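The values are calculated or read from the model by the stated rules, or taken from the named source; none is laboratory data. Note that the structure is predicted; figures quoted are calculated from it, not measured. Cβ atoms come from the backbone with ideal geometry, glycine included; neighbour counts cover every protein chain shown. Just so you know, the surface numbers come from the protein's heavy atoms only, side chains and all, with ligands and any DNA or RNA stripped out. Shrake-Rupley method; radii C 1.70, N 1.55, O 1.52, S 1.80 Å.
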Amino acid sequence: MSEVYKLIHPVKHFNDYISIKTRLDGRNFDEHRNIKLNVNSIKTADASAVVKCGNTTVVCGIKLELAVPKAEEPDLGFLITNVELPALCSSKYRPGPPSDYAQVINNIVSEIIKNSKCIDLKDLCIVPDKLAWVVYCDMVCIDHDGSLVDACIIALIASFKTLLLPSVNYDTETEEIKVETNERINLKIHGLPVATSFAVYEHFQSQIILLTDPTNYEEEMCGGNGSNLIISYNKGLLCGIQKLGGGSLSTENNEEAIRLAEQHTIAVEKVINACLEGKGTNK
Amino acid sequence: MVTDMKDVQDFKLKPMKCEFNFLSKSDGSAILSQGDTVSLVSVNGPLDIKMTSQRIDKSTLEVLFSNKNGKPSVENRYKENIVKQTCEAAILGSLYPRTGINVTIQELEDYGGFLACTLNCTCLALLNSGVSMRNVFAAVSCAVDNQGNVILDPTHAQLQTSTATMTFVFDSRDKSLITCFTDGCFSQDAYREALERSRSASDLVFAFYRDIIRKYCNVIG
């Protein structure tokens, strides 16, 4: 009966749930879904991670390549992120070239990483003007059930944490490159950026409700996929606040969102550290 | 920090100049300069679009952004998305089901705060085209310099030394936040201060809209 009601009167059905202060999957407004994280699951990649936030699943693989740095920035390496939304992740996407939405998500993810300054591109340079690492970060969404940016950032950061750079010997005279895959050093990560998504729901015009870690259905009910409020933290500083359209926010909502994002950041940091420690002891 | 702001600040924005109907063939167009930053926006619609992108409950908004060199890039998609999402919250799309509204943006000069200028220009072009809107919106940009001070509507020189930039878009009715995007690292206090100062400064933009409308349409002004 409830399923029929949901199909015929989707807005009223959603409203009724919000009125009794609960969400469709039984969570409270400020509750996030369980996070499952696994690192180094893809052996052929240089570093990898799989993350599941509720149903949202993202696989991240990192591949290393050597290249000549740009002439304008001879002491910087390259960090290239790519978010893929294949047709398999949701019925909304068609096979073919990357959709506009995938490009937007990719831009948000790469901006968060860039702004948080968690990776110093100078660390990726081997010999200025001659040789530098190119870090290709490919994130593939297997199942898109909302809060995609959060999942992408977790997967990416967990992969970075396990990334080991092989040591390279470069002969300046003969220009010979020798890669020692047995001698590897950790890549320096400054802080641990975490993104938190909120859906903004206008309940009876006046009341604004923030739904933490929304599912795909909740995102759609709150003004479409692109209109989440995304707050990112790194080392206690904000490194990106995005909100594009959707419901409008008052000052109080803003304060609440910042407070919740701070709490969520601590929780996610614990998950990532616990996962990495678990892997460390198993070795 | 918010309380003692009023005596410190005399909310000043860069001088704004605007011309309506800059393009003769579009349904609505506006060119806006904020200081040295200039943006040109044309709006066409509601018009016929192909079946696959039609929506039965509201109009489809299509935004095209072209920068100075004309090359398409991922960054352009992101800027288009910002304008699209912001306009969708403001336009009464349900009045024009199965149609499309086209917004075309041309970058002319970028000396800082370009997206804020573009969003304001888009709002003026929409007003000029006569598309029904729920409310108008005003965009204000802010920068945080290396001492942590918030600068309202920064100039090109100020942007070179700033550590973060933020852009806020407010609606005209209760001045609540519609859109917000940031660049760089900043503290919570800087964010709060920037938000409140931009909110107050948005009044100036709304007053400017009113002046322009009064000049061009003496019936509704």
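See the values below:
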{"quantity": "Which of B:Ile213, B:Ile56 is most accessible, then next, and so on - probe 1.4 Å", "calculated": "B:Ile56, B:Ile213"}
{"quantity": "Choice from B:Thr163, B:Thr99, B:Thr179 showing the highest fluctuation, given a GNM over chain B with Cα pairs closer than 10 Å", "calculated": "B:Thr163"}
{"quantity": "Top of A:Glu218, A:Glu72, A:Glu173 by mean-square fluctuation, Gaussian network on chain A, Cα under 10 Å", "calculated": "A:Glu173"}
{"quantity": "Formal net charge of residues neighbouring A:Cys222 (Cβ-Cβ distance under 14 Å; K, R +1; D, E -1)", "calculated": "-4"}
{"quantity": "Surface accessible to a 1.4 Å probe, per residue, for the residues of the stretch A:1-130, Å²", "calculated": "55 Å²"}
{"quantity": "In degrees, nearest ten, helix A:148-162 long axis to first principal axis of chain A (Cα)", "calculated": "30 degrees"}
{"quantity": "Solvent-accessible area of B:Cys121 with every protein chain in place, 1.4 Å probe, in Å² to the nearest 10", "calculated": "0 Å²"}
{"quantity": "Peptide A:248-256, shielding by other chains (average Cβ, 10 Å cutoff)", "calculated": "5"}
{"quantity": "Surrounding net charge for A:Asp123, when Lys and Arg each add one and Asp and Glu each subtract one, Cβ distance under 13 Å", "calculated": "+1"}
{"quantity": "Surface share of carbon and sulfur [accessible, 1.4 angstrom probe, percent] for the stretch A:121-231", "calculated": "46 percent"}
{"quantity": "Probe 1.4 Å - accessible area at B:Lys50, Å² to nearest ten", "calculated": "140 Å²"}
{"quantity": "Pair A:Asn28, A:Ala87: separation of 7 Å Cα→Cβ label points (nm)", "calculated": "4.3 nm"}
{"quantity": "Reduction of at least 50 Å² in accessible surface, 1.4 Å probe, comparing all protein chains with the chain by itself, residues of the stretch A:97-143", "calculated": "A:Gln103, A:Val104, A:Asn107, A:Asn115"}
{"quantity": "Label-point separation, A:Lys178 to A:Lys6 (7 Å along Cα→Cβ), nm", "calculated": "6.3 nm"}
{"quantity": "Residues of the stretch A:224-242 buried by at least 30 Å² on assembly (accessible area, 1.4 Å probe, chain alone as reference)", "calculated": "A:Leu237, A:Leu238, A:Ile241, A:Gln242"}
{"quantity": "Cβ neighbours within 10 Å from other chains - mean over B:88-100", "calculated": "1"}
{"quantity": "Alpha-carbon Rg with Dmax, taken over chain B, Å", "calculated": "17.5, 56"}
{"quantity": "Share antiparallel - DSSP beta bridges, the protein assembly as shown, percent rounded to 5", "calculated": "85 percent"}
{"quantity": "Dimensions (Å) - the protein assembly as shown, Cα atoms, principal axes, largest first", "calculated": "78, 65, 52"}
{"quantity": "The stretch B:12-220 - accessible surface per residue (Å², probe 1.4 Å)", "calculated": "43 Å²"}
{"quantity": "Sulfur and carbon atoms: percent of accessible area, the stretch B:12-220 [1.4 Å]", "calculated": "50 percent"}
{"quantity": "On Cα atoms only, tilt of A:251-282 relative to the major axis of chain A in degrees", "calculated": "50 degrees"}
{"quantity": "Computed accessible area, B:Arg77, all protein chains, 1.4 angstrom probe, square angstrom", "calculated": "50 Å²"}
{"quantity": "Shielding by other protein chains, B:155-166, mean Cβ within 10 Å", "calculated": "1"}
{"quantity": "Interface burial for B against A (accessible surface, 1.4 Å probe, total of both chains, Å², rounded to 100)", "calculated": "2500 Å²"}
{"quantity": "Additional length obtainable on full extension of the chain from A:Ala274 to A:Asn169, 0.36 nm per residue less Cα span", "calculated": "34.3 nm"}
{"quantity": "Förster radius 60 Å - calculated FRET efficiency between B:Glu109 and A:Ile20 (Cβ-Cβ, nearest 0.05)", "calculated": "0.65"}
{"quantity": "Beta bridge orientation in the stretch B:45-110: antiparallel %, DSSP, nearest 5", "calculated": "10 percent"}
{"quantity": "Residue-averaged 222 nm ellipticity for chain A, from DSSP H runs of 4+ at -39500 (n - 2.57), nearest 500", "calculated": "-10000 deg cm²/dmol"}
